[in-house]
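Engineer: The following block contains the structure, expressed as C-alpha coordinates.
The values are calculated or read from the model by the stated rules, or taken from the named source; none is laboratory data. Please read all numbers here as calculations on a predicted model, not as lab measurements. All Cβ positions, glycine included, derive from the backbone under ideal geometry; neighbour counts span all protein chains shown.
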Amino acid sequence: MGRKVALGGIFTGLSLIFLYFALYLPSMKLTMYFLAGMIPGLILVELGIRQAWMLYGATSLLSFVMFGNTVSIIPYVVFFGLYPMLKFYIEKTRRPVIEILMKLLFFNMSIGFVYIIWAKFFSINVHVDFPIMWIIIVMQPAFLLYDYIFTGVIFYYYDKIRLKWRKD
(Lines give C-alpha, C1' and ligand atoms only; values in the text may rest on other atoms or scores of the structure.)
Protein backbone atom coordinates (compact mmCIF):
# COMPACT_ATOMS: atom_id res chain seq x y z
CA MET A 1 0.00 0.00 0.00
CA GLY A 2 2.73 2.49 0.93
CA ARG A 3 4.61 1.80 -2.29
CA LYS A 4 1.50 2.49 -4.36
CA VAL A 5 0.84 5.78 -2.58
CA ALA A 6 4.47 6.89 -2.92
CA LEU A 7 4.70 5.95 -6.59
CA GLY A 8 1.34 7.60 -7.28
CA GLY A 9 2.49 10.80 -5.58
CA ILE A 10 5.78 10.87 -7.46
CA PHE A 11 4.10 10.27 -10.81
CA THR A 12 1.36 12.82 -10.06
CA GLY A 13 4.06 15.37 -9.28
CA LEU A 14 5.88 14.50 -12.51
CA SER A 15 2.64 14.92 -14.48
CA LEU A 16 2.08 18.32 -12.89
CA ILE A 17 5.62 19.39 -13.78
CA PHE A 18 5.02 18.47 -17.43
CA LEU A 19 1.69 20.33 -17.43
CA TYR A 20 3.36 23.35 -15.86
CA PHE A 21 5.94 23.33 -18.65
CA ALA A 22 3.10 23.02 -21.20
CA LEU A 23 1.69 26.27 -19.83
CA TYR A 24 4.91 28.26 -20.03
CA LEU A 25 6.80 26.73 -22.96
CA PRO A 26 4.48 27.31 -25.93
CA SER A 27 6.82 25.73 -28.46
CA MET A 28 6.95 22.53 -26.37
CA LYS A 29 3.24 22.35 -25.56
CA LEU A 30 2.41 19.14 -27.45
CA THR A 31 5.57 17.42 -26.23
CA MET A 32 4.72 18.26 -22.62
CA TYR A 33 1.13 17.04 -23.06
CA PHE A 34 2.52 13.81 -24.54
CA LEU A 35 4.89 13.34 -21.61
CA ALA A 36 2.17 14.14 -19.07
CA GLY A 37 -0.10 11.66 -20.86
CA MET A 38 2.56 8.95 -20.67
CA ILE A 39 2.52 9.01 -16.87
CA PRO A 40 -0.93 7.36 -16.47
CA GLY A 41 0.27 4.70 -18.92
CA LEU A 42 3.33 4.01 -16.79
CA ILE A 43 1.21 3.79 -13.64
CA LEU A 44 -1.11 1.42 -15.47
CA VAL A 45 1.88 -0.85 -16.20
CA GLU A 46 3.21 -0.60 -12.65
CA LEU A 47 0.10 -0.64 -10.48
CA GLY A 48 -2.97 -1.31 -12.60
CA ILE A 49 -5.96 0.44 -14.08
CA ARG A 50 -7.48 1.61 -10.79
CA GLN A 51 -4.37 3.53 -9.80
CA ALA A 52 -4.07 4.95 -13.33
CA TRP A 53 -7.59 6.40 -13.01
CA MET A 54 -6.74 7.79 -9.57
CA LEU A 55 -3.56 9.42 -10.91
CA TYR A 56 -5.48 10.93 -13.83
CA GLY A 57 -8.13 12.32 -11.46
CA ALA A 58 -5.57 13.71 -9.01
CA THR A 59 -3.48 15.29 -11.76
CA SER A 60 -6.53 16.83 -13.44
CA LEU A 61 -7.92 18.22 -10.21
CA LEU A 62 -4.58 19.52 -8.92
CA SER A 63 -3.72 21.12 -12.27
CA PHE A 64 -6.95 23.13 -12.22
CA VAL A 65 -6.36 24.18 -8.61
CA MET A 66 -2.63 24.94 -8.89
CA PHE A 67 -2.35 26.52 -12.32
CA GLY A 68 -5.64 28.33 -12.73
CA ASN A 69 -5.19 28.44 -16.51
CA THR A 70 -8.00 26.03 -17.28
CA VAL A 71 -7.83 26.61 -21.04
CA SER A 72 -4.38 25.06 -21.27
CA ILE A 73 -5.25 22.11 -19.03
CA ILE A 74 -8.26 20.99 -21.11
CA PRO A 75 -6.25 19.01 -23.74
CA TYR A 76 -4.74 16.90 -20.95
CA VAL A 77 -8.07 16.35 -19.20
CA VAL A 78 -10.03 15.56 -22.36
CA PHE A 79 -7.47 13.61 -24.39
CA PHE A 80 -3.87 13.10 -23.26
CA GLY A 81 -4.62 12.03 -19.69
CA LEU A 82 -7.61 9.85 -20.60
CA TYR A 83 -6.04 8.09 -23.57
CA PRO A 84 -3.87 5.53 -21.72
CA MET A 85 -6.83 4.07 -19.82
CA LEU A 86 -9.15 4.08 -22.82
CA LYS A 87 -6.40 2.51 -24.93
CA PHE A 88 -6.15 -0.24 -22.30
CA TYR A 89 -9.88 -0.98 -22.54
CA ILE A 90 -10.01 -0.69 -26.34
CA GLU A 91 -7.07 -3.05 -26.85
CA LYS A 92 -8.79 -5.75 -24.81
CA THR A 93 -10.93 -6.45 -27.89
CA ARG A 94 -7.91 -7.93 -29.69
CA ARG A 95 -9.39 -6.96 -33.07
CA PRO A 96 -7.00 -4.53 -34.80
CA VAL A 97 -9.53 -2.97 -37.18
CA ILE A 98 -12.07 -2.35 -34.42
CA GLU A 99 -9.31 -1.05 -32.14
CA ILE A 100 -8.18 1.50 -34.74
CA LEU A 101 -11.74 2.62 -35.46
CA MET A 102 -12.54 3.03 -31.75
CA LYS A 103 -9.31 4.95 -31.14
CA LEU A 104 -10.02 7.25 -34.09
CA LEU A 105 -13.57 7.76 -32.84
CA PHE A 106 -12.27 8.72 -29.39
CA PHE A 107 -9.67 11.04 -30.92
CA ASN A 108 -12.19 12.84 -33.14
CA MET A 109 -14.70 13.15 -30.30
CA SER A 110 -11.95 14.58 -28.07
CA ILE A 111 -10.95 17.15 -30.67
CA GLY A 112 -14.57 18.16 -31.14
CA PHE A 113 -15.14 18.37 -27.39
CA VAL A 114 -12.03 20.52 -26.86
CA TYR A 115 -13.15 22.82 -29.68
CA ILE A 116 -16.64 23.16 -28.19
CA ILE A 117 -15.27 23.88 -24.71
CA TRP A 118 -12.82 26.48 -26.01
CA ALA A 119 -15.37 28.16 -28.29
CA LYS A 120 -18.47 28.08 -26.06
CA PHE A 121 -17.15 28.38 -22.52
CA PHE A 122 -13.99 30.41 -22.99
CA SER A 123 -14.96 32.36 -26.13
CA ILE A 124 -11.71 31.46 -27.83
CA ASN A 125 -11.89 31.95 -31.57
CA VAL A 126 -10.03 29.03 -33.11
CA HIS A 127 -9.12 30.27 -36.58
CA VAL A 128 -7.19 28.27 -39.16
CA ASP A 129 -6.08 29.25 -42.64
CA PHE A 130 -6.69 25.81 -44.15
CA PRO A 131 -10.02 24.14 -44.90
CA ILE A 132 -11.15 22.23 -41.82
CA MET A 133 -11.53 19.01 -43.84
CA TRP A 134 -7.79 19.06 -44.69
CA ILE A 135 -6.93 19.47 -41.04
CA ILE A 136 -9.20 16.58 -40.04
CA ILE A 137 -7.72 14.34 -42.73
CA VAL A 138 -4.12 15.16 -41.73
CA MET A 139 -4.86 14.67 -38.02
CA GLN A 140 -5.95 11.04 -38.47
CA PRO A 141 -2.52 9.66 -39.50
CA ALA A 142 -0.88 12.02 -36.99
CA PHE A 143 -2.97 10.44 -34.24
CA LEU A 144 -2.12 6.93 -35.44
CA LEU A 145 1.56 7.90 -35.30
CA TYR A 146 0.99 9.20 -31.75
CA ASP A 147 -0.61 5.86 -30.82
CA TYR A 148 2.30 3.94 -32.34
CA ILE A 149 4.89 6.03 -30.48
CA PHE A 150 2.88 5.80 -27.25
CA THR A 151 2.77 2.00 -27.55
CA GLY A 152 6.50 1.88 -28.31
CA VAL A 153 7.36 3.96 -25.25
CA ILE A 154 5.18 1.77 -23.00
CA PHE A 155 6.78 -1.43 -24.35
CA TYR A 156 10.26 0.06 -23.96
CA TYR A 157 9.47 1.01 -20.37
CA TYR A 158 8.06 -2.44 -19.64
CA ASP A 159 10.92 -4.37 -21.27
CA LYS A 160 13.94 -2.24 -20.35
CA ILE A 161 13.37 0.29 -17.59
CA ARG A 162 10.83 -1.40 -15.33
CA LEU A 163 12.94 -4.52 -14.88
CA LYS A 164 16.04 -2.56 -13.84
CA TRP A 165 14.60 -0.64 -10.89
CA ARG A 166 11.86 -2.92 -9.70
CA LYS A 167 12.60 -5.37 -6.86
CA ASP A 168 9.49 -7.52 -6.53
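Engineer: Can you pull out every residue in region 28-51 that is surrounded by 17 or more Cβ atoms within 10 Å (Cβ to Cβ) and among the charged types (D, E, K, R)?
Structural biologist: E46
Engineer: In addition: Hey, can you tell me all the residues within region 31-48 that are closer than 18 Å to T151 by Cβ and either within 12 Å of the chain's Cα centre (by Cα) or free of Cβ contacts under 8 Å to residues at least 40 places away in the same chain (or both)?
Structural biologist: From region 31-48, those closer than 18 Å to T151 by Cβ are 31, 33-46; that's our starting set.
Within region 31-48, T31, Y33, F34, L35, A36, G37, M38, I39, P40, G41, L42, I43 meet the criteria.
Engineer: In region 62-70, is there at least one residue being touching a helix residue (DSSP H, G or I) at 6+ places or on another chain (Cβ under 8 Å) and β-branched (V, I, T)?
Structural biologist: Checked region 62-70: at least one residue is touching a helix residue (DSSP H, G or I) at 6+ places or on another chain (Cβ under 8 Å) and β-branched (V, I, T).
Engineer: A further question follows. Could you pull out every one of the helices (runs of 4 or more DSSP H) wholly within region 65-168 that has 3 or more residues that are in contact (Cβ under 8 Å) with a residue 60 or more places away in the chain?
Structural biologist: Details: elements: 70-75, 83-90, 96-116, 132-156, 162-165.
Here the list reads 83-90, 132-156.
Engineer: Show the residue pairs meeting these rules: Cβ distance below 7 Å; 6+ apart or different chains; first residue within region 6-27 and surrounded by fewer than 18 Cβ atoms within 10 Å (Cβ to Cβ) and hydrophobic (A, V, I, L, M, F, W, C); second residue modelled with pLDDT of 95 or more and in a helix (DSSP H, G or I).
Structural biologist: If the second residue must be modelled with pLDDT of 95 or more and in a helix (DSSP H, G or I), the pairs left are L14/I39; F21/M32; L25/M32.
Engineer: Specify which of the listed residues (K87, K4) is basic (K, R) and within 15 Å of the chain's Cα centre (by Cα).
Structural biologist: Details: K4 fails: within 15 Å of the chain's Cα centre (by Cα).
Every option except K87 fails the conditions.
Engineer: Of the numbered conditions (1) at pLDDT 95 or above; (2) of a type in the set (S, T, Y); (3) out of contact with any Phe, Trp or Tyr (no Cβ under 8 Å at 6 or more places or on another chain), Y24 satisfies every one except a single condition; which is it?
Structural biologist: Among (1) at pLDDT 95 or above; (2) of a type in the set (S, T, Y); (3) out of contact with any Phe, Trp or Tyr (no Cβ under 8 Å at 6 or more places or on another chain), the lone unmet condition for Y24 is (1).
Engineer: When residues of region 109-126 are filtered for being hydrophobic (A, V, I, L, M, F, W, C) and farther than 12 Å from I74 by Cα, how many remain?
Structural biologist: Initial filter on region 109-126 (hydrophobic (A, V, I, L, M, F, W, C)): 109, 111, 113-114, 116-119, 121-122, 124, 126.
In the following step, the residues that additionally are farther than 12 Å from I74 by Cα were identified as 109, 119, 124, 126.
The total comes to 4.
Engineer: I'd like to verify a number: residues in region 72-102 that are loosely packed, with under 14 Cβ neighbours inside 10 Å and either in contact with a Cys (Cβ under 7 Å, 6 or more places away or on another chain) or within 30 Å of I17 (Cβ to Cβ) (or both), how many?
Structural biologist: Qualifying residue count, region 72-102: 1.
Engineer: When you go through S60, S110, S123 one by one, which is the residue that is surrounded by fewer than 11 Cβ atoms within 10 Å (Cβ to Cβ) and polar (S, T, N, Q)?
Structural biologist: On the way: S60 fails: surrounded by fewer than 11 Cβ atoms within 10 Å (Cβ to Cβ); S110 fails: surrounded by fewer than 11 Cβ atoms within 10 Å (Cβ to Cβ).
Sole residue among the options that is surrounded by fewer than 11 Cβ atoms within 10 Å (Cβ to Cβ) and polar (S, T, N, Q): S123.
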